[in-house]
Amino acid sequence: MKQGNERSATWIWLMLGYSLALLAVSLPVGSIQENINGLIDLCTAPAQLTTDYFAVSCIGGTLLNAGLIGLLCCGVLILSKASVNATSLMAYFLSVGFAFFGLNVCNVWPGMLGVWVYTKLRRRSLAQYAHIAIFSTALAPFVSELLYRYPLFEAGWLRVFSAVGLGVINGMILPMLIPYSSKLHKNYTLYNAALPVGVLGILWYVLLFPGMEISISPGAQLGQAQPLFAWAVYGGSAFALLLIGWIANGCSLRGYGNILRCTGYEQDLTETADYPVVLIHMGVYGFFVIGCYQLTGASFNGVTIGCMFCLMAVAARGATPVTMLPILLGYILASVLIPLPLHTQSLVTGLCFAAALVPVSGKCGVICGVLAGLLHGCLVRPVMLMHGGFCLYNGGLTSGIVAMVLAAILPQTNKQRKTKSRFSGQD
């Protein structure tokens, strides 16, 4: 128990330090007043996918938002006394990433409040549901939409009541849905919460928009590319993680080779590996991510930078460059079939969340990984039409759908392969 508490404290300090670093970086970018004004601008804007906060606000305001969202996640984990593991790191980095496009310090509260209400009504410990409280923010764009733009609500009190009410309802429902998600996809996707969150998002979208005969324009709004900023902030983050891990590991890469052999299937590196090695892996994986986006010619706008932070979320769950490469190859094939250039923003964003499918390539082989990436690349854009861009976990939802289909096929394939191998041995 003591060792577990020490591990949790180590990761909490890492997340706190990371959040404070984002706040510190916002200071040289703009004045405090400019950053606060930028934060207000993004908090009062619609938050559909993909609404780039660099375009809505400013870089300083976006960084201020990301740092505050990070501190809020840390606060949830600390106050609930939750045990911090790879899922905690995933929830944290996903939230920080979406703080660049979709999440803000205004629209995240109702969902979290709903999870808290659920624990009180069911007399459960909040520590058990701290991660779900953070994941509930994936439906935060609904809160912003009802609060500022939904055409059927004119009165201010009605907007606030509906926005908060919907968020609280989501937060109360998700703790009942998420635990059953893994039974559908058999852990072939790392984003366990995305499938139920996405289904709930589709339900609300259909009820609130097509069901009410309301059309909504796409939320795509992209800012200018900031490649130097991406390398400075994200590259600097990856370098810092790598350097800290290397020093803490006795100025060596000892143990890192074991991580490269991970399949990503039902793995938690915070439990099975020493924290310095995990930090080294997160740093190396971070450089791999930025290198991939550089090679694809992606525009380093706020959405892309946010995606890179989200990609770092899966590192502690066992995702490696080795298991990610087949997914990338599948995306390249998808871009040829659709056809769209690989640097198209929807594919750039989708590739980030296709990383959740690394258990497929890690456990079932390269060909299966390529197939998973290909399916994800072909589906990720149409899937967004199902929820109108109001579910931030669009790529995660797509990975859940792909994993659910493959989960029914891959075990049969593996079984046939083993049977064939057994009979071959008798010949």
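The values are calculated or read from the model by the stated rules, or taken from the named source; none is laboratory data. Nothing here was measured: the structure is a model prediction, and the numbers come from that model. All Cβ positions, glycine included, derive from the backbone under ideal geometry; neighbour counts span all protein chains shown.
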Review point. Out of curiosity, is residue 162 assigned to a loop (DSSP other than H, G, I, E, B) and of a type in the set (Gly, Ala, Ser)?
Key: no
Exercise for review: Examine the stretch 83-102 for a residue that is surrounded by fewer than 20 Cβ atoms within 10 Å (Cβ to Cβ) and either outside any loop (DSSP other than H, G, I, E, B) or aromatic (Phe, Trp, Tyr) (or both), and state whether such a residue exists.
Suggested key: no
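Does residue 268 count as touching a Ser or Thr at 6+ places or on another chain (Cβ under 9 Å) and acidic (Asp, Glu)?
On the way: touching a Ser or Thr at 6+ places or on another chain (Cβ under 9 Å): yes; acidic (Asp, Glu): yes.
The answer is yes for residue 268.
Being small (Gly, Ala, Ser), in contact (Cβ under 8 Å) with a residue 12 or more places away in the chain and under 25 Å from residue 130 (Cβ atoms) is the filter here; which residues of the stretch 46-78 pass it?
Initially, the stretch 46-78 is screened for residues small (Gly, Ala, Ser), giving 47, 55, 57, 60-61, 66-67, 70, 75.
Narrowing further to those that are in contact (Cβ under 8 Å) with a residue 12 or more places away in the chain: 47, 55, 57, 60-61, 66-67, 70.
Hits for the stretch 46-78 are 47, 66, 67, 70.
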Practice item. Please tell me if residue 112 is under 16 Å from the mean Cα position of the chain (by Cα) and in a helix (DSSP H, G or I). Key: no
Study note, to complete from the structure: Considering the stretch 1-51, residues that are polar (S, T, N, Q), in a loop (DSSP other than H, G, I, E, B) and surrounded by 17 or more Cβ atoms within 10 Å (Cβ to Cβ), and then whichever is farthest from the chain's Cα centre (by Cα), we arrive at 48
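Report yes if residue 264 is free of Cβ contacts under 8 Å to residues at least 12 places away in the same chain and under 23 Å from residue 96 (Cβ atoms), otherwise no. Can you show your working first?
Numbers: free of Cβ contacts under 8 Å to residues at least 12 places away in the same chain: no; under 23 Å from residue 96 (Cβ atoms): yes.
In short, no.
Evaluate the following for residue 225: is it crowded, with 21+ Cβ neighbours inside 10 Å and aliphatic (A, V, I, L, M)?
Numbers: crowded, with 21+ Cβ neighbours inside 10 Å: no; aliphatic (A, V, I, L, M): yes.
Criteria not met by residue 225.
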Practice item. Provide a single number: the residues in the stretch 291-327 that are at pLDDT below 90 and among the β-branched types (Val, Ile, Thr). Key: 1
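Going by the conditions given, is residue 293 over 19 Å from residue 238 (Cα atoms) and aromatic (Phe, Trp, Tyr)? Quick ask: steps written out before the conclusion?
On the way: over 19 Å from residue 238 (Cα atoms): no; aromatic (Phe, Trp, Tyr): yes.
Answer is no for this residue.
Give 375, 385, 410, 357 a once-over and let me know the one that is assigned to a helix (DSSP H, G or I), at pLDDT 95 or above and surrounded by fewer than 24 Cβ atoms within 10 Å (Cβ to Cβ).
Values: 385 fails: at pLDDT 95 or above; 410 fails: at pLDDT 95 or above; 357 fails: surrounded by fewer than 24 Cβ atoms within 10 Å (Cβ to Cβ).
The unique qualifying residue is 375.
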**Study point:** Filter result for residue 198 (part of a helix (DSSP H, G or I) and within 23 Å of residue 307 (Cβ to Cβ))
**Key:** yes
